[in-house]
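Have a look at the structure below before the remarks.
The values are calculated or read from the model by the stated rules, or taken from the named source; none is laboratory data. Only a predicted model underlies this, so the values are computations on that prediction, with no experimental measurement involved. Cβ coordinates were reconstructed from backbone atoms using ideal geometry, including for glycine residues, and neighbour counts include every protein chain displayed.
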Amino acid sequence: MDTKNALHRYRWLGYTAVIAASVMDLLDSTVANVAAPAIRTGLGGSYADLQWIAAGYTLAMAVALLTGGRLGDMYGRKRVLLAGIAGFTVTSMMCAAAQSPEMLIVARIAQGVCGAVMLPQGFGLTRDLFPASEMKKAWGIFGPLMGLSAVMGPIIAGVLIHADLFGTGWRMIFGINLPIGAFAFVMGWKYLPDVAPTARGARLDLPGVLLAGTGAFLLVFPLVQGRELGWPTWVLVMLVASLPVLAVFARYQVLRKRSGRTPLVEPSVFTKRAYVSGVAFAIAFTASMGGMILTLGIFLQLGLGYTALHSSLTTAPWALGALFGSAFGGIMMARLGRRILHLGLLLMGGGLLALHGVFQWAGADITDWDFAAPLLVGGAGMGMIFVPLFDIILNGVDGHEIGSASGTLQALQQLGMTLGFAVLGTVFFNILSDARPGPAGHIDAALDAAGTTALCTVGLIALAFVLGFFLPKTVRSAEEAEADVTADRELALV
């Protein structure tokens with residue numbers, strides 16, 4: 001296909017492939033949390049298995065994101081996007097067909113890798129598709145659609161599980177990716193421009209990927225499995241060993257840079273206090289968000305006996321608040337700067353403290369309406385942080401570092417989500433597993449677990465609040481954002 005002709009006539013059709021691919025990833029990063037209890041009922045498995053179903057996906061994505069963007073530069077964004085879509089669709093079918101928790105976890109890990117290959121290409125292809133005059137319009141469509149998907153994803157998952165189409169139950173939440181993936185692949189193959197690779201012949205930093213993956217696994221595995229294994233010595237050794245392995249990875253990146261080769265992570269960005277504080281802020285924030293989302297859905301189903309549909313409708317105010325909060329954050333970030341992050345954290349923490357109060361006050365008589373106001377406020381606070389977070393953190397790095405800095409930040413956000421699933425999930429399940437015999441004892445333990453997890457989440461939010469004072473006070477100017485952030489998104493994961 002002639003590229004210029006495609007840019008002129010078919011760019012919006014090609015853009016549907018980018019949007020569909022992003023929607024698939026967003027749905028699969030949220031729906032598994034809604035389906036976790038139904039999956040446990042169907043496949044069996046332990047509480048740790050439920051954590052791995054969520055954490056395996058984000059951990060694999062965190063590591064693979066370090067190279068996902070580079071693959072597009074080496075082999076062409078269109079080709080790599082189509083490969084990622086195909087892989088994501090196939091691994092979704094593997095998830096749907098899983099016959100044991102172990103099979104599902106392996107499929108989720110593979111799905112996370114494919115998602116990391118797929119997602120970074122969309123940013124670069126959007127720039128290839130549209131002239132500068134239409135970029136704002138394109139991103140203006142993308143953001144609300146992603147927000148709507150975040151709201152509707154858990155509800156769609158609940159509906160699919162409740163409908164039990166063809167007796168598939170929870171499996172349909174993964175099976176739905178087949179038509180979405182097929183649509184994205186066909187539209188991408190037919191209408192996306194085939195732009196020549198910009199780094200043909202370059203080599204991936206495979207030793208760096210191996211070191212980063214090993215270090216992350218040594219950190220996460222003990223946090224998830226330690227409780228069920230009884231914290232044997234070898235698990236503690238793994239946890240301690242993660243630190244020197246990650247230190248070796250950092251040193252290797254410095255040496256690779258000095259030798260003239262392209263590192264996975266630009267070492268110079270970690271010499272800037274504002275960026276380091278921003279990374280720590282992002283990890284604490286995403287850990288609080290991920291852990292809360294996982295444990296709340298499981299609490300409603302395993303603790304209160306809600307169905308998946310009932311659970312997703314009960315938590316809808318959180319997603320709805322996030323949708324409105326993100327719109328407010330986008331409008332006010334230029335005026336408030338980093339203060340918008342503090343405002344969002346105050347609302348998010350306040351909502352969770354109110355939720356803890358509801359658990360203590362209502363007890364076993366808690367109703368759906370008791371959740372509504374705290375979740376709406378907390379979700380609005382979370383949403384306020386989404387839009388300005390990258391722009392504020394990246395204001396602390398130089399223009400030539402934007403690509404690596406933003407890619408590293410995205411990967412570490414996924415790691416933060418993984419740590420939230422691991423740590424807060426372990427806190428929740430540790431209390432739930434000590435329930436007294438009988439239904440009343442189980443509900444009391446579930447309320448205690450949910451309340452304690454909410455307080456731990458507030459602790460992470462408080463940590464992020466303090467770290468926020470070390471971030472740049474302002475966002476990047478419109479000119480800088482256009483030139484450095486939007487234009488370099490395709491390099492975010494080099």
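For the stretch 199-215, check the following and say yes or no: at least one residue is farther than 23 Å from Gly56 by Cα and among the polar types (S, T, N, Q).
No, there is no match, as no residue in the stretch 199-215 is farther than 23 Å from Gly56 by Cα and among the polar types (S, T, N, Q).
Across the stretch 1-25, what is the total count of residues that are modelled with pLDDT under 85, assigned to a helix (DSSP H, G or I) and of a type in the set (A, V, I, L, M, F, W, C)?
Of the residues in the stretch 1-25, 2 are modelled with pLDDT under 85, assigned to a helix (DSSP H, G or I) and of a type in the set (A, V, I, L, M, F, W, C).
Within the stretch 322-333, can one find any residue that is of a type outside the set (Val, Ile, Thr), in contact with a Leu (Cβ under 8 Å, 6 or more places away or on another chain), modelled with pLDDT under 95 and part of a helix (DSSP H, G or I)?
yes
Within the stretch 345-363, how many residues are out of contact with any Pro (no Cβ under 9 Å at 6 or more places or on another chain) and in contact (Cβ under 8 Å) with a residue 12 or more places away in the chain?
Final tally of qualifying residues: 8.
How many residues are surrounded by fewer than 24 Cβ atoms within 10 Å (Cβ to Cβ) and either in a helix (DSSP H, G or I) or touching a His at 6+ places or on another chain (Cβ under 6 Å) (or both) if we restrict to the stretch 68-77?
4
Taking into account only those residues within the stretch 434-450 that are of a type in the set (A, V, I, L, M) and not in a loop (DSSP other than H, G, I, E, B), which is surrounded by the fewest Cβ atoms within 10 Å (Cβ to Cβ)?
Among those residues, the one meeting the criterion is Ala440.
Hey, could you check the stretch 226-246 for residues that are loosely packed, with under 15 Cβ neighbours inside 10 Å and either of a type in the set (Phe, Trp, Tyr) or within 17 Å of Leu66 (Cα to Cα) (or both) and say which is farthest from the chain's Cα centre (by Cα)?
Trp234
Does Val106 satisfy the criteria of being β-branched (Val, Ile, Thr) and crowded, with 20+ Cβ neighbours inside 10 Å?
Spelling it out, it is not the case that Val106 is β-branched (Val, Ile, Thr) and crowded, with 20+ Cβ neighbours inside 10 Å.
Checking the condition in contact with a Phe, Trp or Tyr (Cβ under 7 Å, 6 or more places away or on another chain), of a type in the set (Ser, Thr, Tyr), modelled with pLDDT of 90 or more and in the same structural domain as Gly381 (by TED's automatic domain parsing), which residue from Thr315, Thr286, Thr295 passes?
Thr295
Does Arg40 meet the test of being assigned to a helix (DSSP H, G or I), within 20 Å of Val159 (Cα to Cα) and charged (D, E, K, R)?
Judged against the criteria, Arg40 is a match.
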